[in-house]
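Here the structure is laid out as structure tokens; the discussion comes afterwards.
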Amino acid sequence: MNPYQQNINIVKGYFKKPIVLVFSILCFASILVTMVTNFFISTSTLTNQITQEFFGKFYESFEKAATEEGSALPSLQSIMDTTPRTTFSIHIDLLAVLLAITFLLFFIQSQSETNGRTLKASRVMFRVYAIFQFVAGIVLCSIALPALLLSAALINPYVPEISGFTLLLIPLIIIILLYGISIHVFAKSIKKSLTTIYLTRRGSSFFGVMSLILAVSSLGEIILTLIYFDKIGISFGTTTLVMMIIDAVFKIALYVVFALVAFGYSSYIKDYAQEYVVEAYEYEEISHNEYQDGYDAVYAQKPAQNAPYQDAARFCGKCGRPINPDDYFCNNCGTPIQK
């Protein structure tokens, strides 16, 4: 079998595993859970409590400064009455939807035994998701990170508790950047394995580690949020608390399963990579030698008639490597050969 096609079949063998389908289903479930939890949290008293506490902290500082200057401020209640209230709106994470559909397509397309199916739609969608995550990480580090540092410095004299909590977001932003880099490298390695005769698992272990770190970060985020709100006197209703915990559990489970998918891919490709590269190299050498013998024989008989045609058909138009007349794909870059 052409090493290019055999390579495709190997990668498809991994993506037809049940864990890929489990991840896709869990991703859809996480989207639904997030929508439900957002509804309960936004319609609870928690949002108003947070707003009132935030304004209250600033109001105390400004009132103290105004008293020292002999001026007066409007009452806190009047300020709260004129503050716009948060209304419920449905927020759908479009990137999560894209990811869920992508891995569902990976699973469905991998069931096909038809030669030449390269999972193109799936890998293109995965690259799009990876690029968005990569860009989001860069934007967060270049814009949100300086903004957080500036806001923490400005509000620290008034509300030191809030500025301290803001600084805790900085490590999370760095983790998101590394996560974007890791998934971008991982997505590129899948594309390379599906479009060349060489298998690669580059970035898969790195991405698995970053997914586990994000799972731990999600757990730490919910714990720190509960501790911080308790410290400043904000109480949670039973329903709100349960919804926050359920949302956190699904996020953690999603990252953990994603890590298992990445580590599983790395282990799966590692089992094939060394042996298969040798096999592909031997195939390439044999194909080249057999073709060279046939070419020399034909060229010797009719050099003037056959030279232009044979020269055109002898090398791949994309990478320039020798090709065999019986090949349907270039053994080096996987480019389809026009017959």
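Any read-out appearing in this document is the output of simple, stated calculations on the displayed coordinates, not a laboratory observation. Since we're looking at a predicted model, the values are computed, not measured. Note: ideal-geometry Cβ built from the backbone for every residue, glycine included; neighbour counts use all protein chains shown.
What is the gain in length, in nm to one decimal, between residue 149 and residue 202 on full extension, counting 0.36 nm per residue of separation less the C-alpha to C-alpha distance?
On the way: separation 53, 0.36 × 53 = 19.08 nm, distance 3.45 nm.
Full extension from residue 149 to residue 202 adds 15.6 nm.
Calculate, for residue 136 and residue 326, the FRET efficiency according to 1/(1 + (r/R0)^6) with r their C-beta to C-beta distance and R0 35 Å; round to the nearest 0.05. If you can, show how the numbers build up before the last one.
On the way: r = 47 Å, r/R0 = 1.34.
For R0 = 35 Å, the calculated efficiency reads 0.15.
Could you give the length gained on full extension between residue 226 and residue 337, defined as 0.36 nm per residue of separation minus the Cα-Cα distance, in nm? Let's see the in-between values first.
Working: separation 111, 0.36 × 111 = 39.96 nm, distance 6.12 nm.
Roughly 33.8 nm would be gained on extension.
Model label points for residue 96 and residue 260, set 7 angstrom from Cα along the Cα-to-Cβ axis, are 1.9 nm apart. Between the amide H of residue 321 and those of 316, distances stay under 5 Å, these residues lying 5 or more places away or on another chain, with hydrogens modeled in the peptide plane. Computed extension length for residue 39-residue 175: 46.2 nm, one decimal, from 0.36 nm per residue of separation with the Cα-Cα distance subtracted. Ranked by the mean number of other Cβ atoms within 10 Å of their residues, highest first, the peptides 15-21, 317-323 come out as 15-21, 317-323. Quick one: if the Förster radius is 45 Å, what FRET efficiency do residue 216 and residue 121 give, using the C-beta to C-beta distance and rounding to 0.05? Result of the calculation: an efficiency of 0.85. Taking amide H atoms as placed 1.01 Å from N in the peptide plane, the amide H of residue 329 lies under 5 Å from those of 337, each 5 or more residues away in sequence or on another chain.
For each pair in 12/188; 120/251; 12/120; 120/188; 17/251, compute the distance between the two Cα atoms and list the pairs where it is over 19 Å. Don't jump to the answer; show the numbers that get you there.
Numbers: 12/188 16 Å; 120/251 28 Å; 12/120 12 Å; 120/188 13 Å; 17/251 22 Å.
Violating the 19 Å Cα-Cα cut-off are 120/251; 17/251.
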